[in-house]
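Undergrad: Structure below; questions to follow.
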Amino acid sequence: MREQIRTVLRWPLYSPRRLAAVLVAVVVLLCVINAVNHGTPKKATDAKPAPSAPAPSSPSPSSSASVAPSASPDMDTAVDLSRQFVAAWASHDKKASWLTELKPVCTERLAAKLGTVDPSRIKATKALRARVTDTGGGALTSAAVETDAGPVTVGLMWMGDHWLVRDIEPGAQAAR
């Protein structure tokens with residue numbers, strides 16, 4: 001058995017031409033495996049423009065629900081939804097419409113939990129910035145949203161064509 005392994009390992013070293021051919025084959029194989037595992041790379045023309053600075057007033061979370069459907073989850077959209085959701089969650093000036101604004105972008109389970117929350121007890125008043133902290137394989141992800149009252153972790157779920165907020169945890173920060 002050892003002699004067979006030695007023979008196989010010596011074969012590429014027999015000539016420079018064989019060594020070059022083996023190295024090229026290995027590189028091509030690695031590129032194919034990478035493309036299959038991570039999808040095909042985007043062209044420079046497909047890149048999204050950098051997001052502009054947020055408007056002075058926080059946008060309604062329902063505006064992100066109208067994002068065009070796509071085949072794979074977009075982490076930029078997840079970050080935007082997280083920040084917008086926390087901004088609406090932290091708004092205390094609209095108590096009557098508080099839950100109505102949150103329901104379109106959250107799961108039914110979370111909407112039921114939020115129905116038991118008194119918005120006046122939420123210490124945060126505005127969302128500052130957000131970042132993805134755990135991609136969870138793409139379909140589930142977490143984002144950390146910094147607020148004026150500390151970090152909030154937002155759990156998101158990819159529904160095939162849009163994100164939904166599945167959980168919100170004040171004072172927590174998702175692990176990277």
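The values are calculated or read from the model by the stated rules, or taken from the named source; none is laboratory data. Note that the coordinates shown come from a computational prediction; the quantities given were computed from them, not determined experimentally. When we count neighbours, we look across all protein chains shown, and the Cβ atoms used for this are built from the backbone with ideal geometry, even at glycine.
Undergrad: Which residue, of A143, A130, A124, is surrounded by 17 or more Cβ atoms within 10 Å (Cβ to Cβ) and part of a loop (DSSP other than H, G, I, E, B)? Spell out how you get there, then give the answer.
TA: Details: A143 fails: part of a loop (DSSP other than H, G, I, E, B); A130 fails: part of a loop (DSSP other than H, G, I, E, B).
Answer to the selection: A124.
To keep it simple, each residue is scored yes or no on (1) more than 29 Å from A144 (Cα to Cα); (2) within 19 Å of the chain's Cα centre (by Cα); (3) at pLDDT below 65; (4) among the hydrophobic types (A, V, I, L, M, F, W, C).
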{"residue": "W11", "(1), (2), (3), (4)": "yes, no, no, yes"}
{"residue": "C31", "(1), (2), (3), (4)": "yes, no, no, yes"}
{"residue": "S66", "(1), (2), (3), (4)": "no, yes, yes, no"}
{"residue": "A71", "(1), (2), (3), (4)": "no, yes, yes, yes"}
{"residue": "L99", "(1), (2), (3), (4)": "no, no, no, yes"}
{"residue": "C106", "(1), (2), (3), (4)": "no, yes, no, yes"}
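Undergrad: Consider A139 against the criteria (1) modelled with pLDDT under 85; (2) among the hydrophobic types (A, V, I, L, M, F, W, C); (3) more than 19 Å from W163 (Cβ to Cβ): it satisfies all of them except one. Which criterion is unmet?
TA: (3)
Rundown of residues vs (1) under 22 Å from D76 (Cα atoms); (2) touching a residue at least 24 places away in the same chain (Cβ under 8 Å); (3) touching a strand residue (DSSP E or B) at 6+ places or on another chain (Cβ under 9 Å), yes/no style:
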position: E101; (1), (2), (3): yes, yes, no
position: K113; (1), (2), (3): no, no, yes
position: T116; (1), (2), (3): no, no, no
position: R121; (1), (2), (3): no, no, no
position: K126; (1), (2), (3): yes, yes, yes
position: A130; (1), (2), (3): yes, yes, yes
position: A144; (1), (2), (3): yes, yes, yes
